[in-house]
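First the structure, in the form of structure tokens, and then the observations on it.
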Amino acid sequence: MPRDILTGASDRLASQIYQTFDLQLVYSKDQHQVSIRAVIRPSTPATLAAIIADSETPDPPPSPSPTRPDFRSWNPTPFAGNRP
């Protein structure tokens, strides 16, 4: 099925792409055959580029740099434990 080509795409995105190509599927029950028709116009590449640009999720903001602990003021306490 054509939908398998767009695995993971939303229904809205798939619909936009099908409309861009004026995609038509005609099934002949008598012949057990599907005819597929797609139209590519001069405007098709620009339309697809706009659809793709609109559908891409923006890059997440960069994560803050991890902070390093400041051990300069660290004053370890000796381990008392269970000493005799």
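First check a/c for the stretch 2-56, with a ≥ b ≥ c the square roots of the eigenvalues of its C-alpha gyration tensor; if it is under 1.5, answer rounded, and if not, answer prolate when a/b is larger than b/c or oblate otherwise.
oblate
Using a Förster distance of 22 Å, how high is the FRET efficiency between residue 10 and residue 47, based on the Cβ-Cβ distance and rounded to 0.05?
Computed FRET efficiency for residue 10 and residue 47 comes out at 0.80.
Give me 7, 47 sorted ascending by neighbouring Cβ count inside 10 Å, so fewest comes first.
Result, fewest neighbours first: 7, 47.
None of the figures in this text is laboratory data; all of them are computed from the coordinates on show. Note that this is a predicted model, so its numbers are computed, not measured. Backbone-built Cβ (ideal geometry, glycine too); neighbour counts: all protein chains shown.
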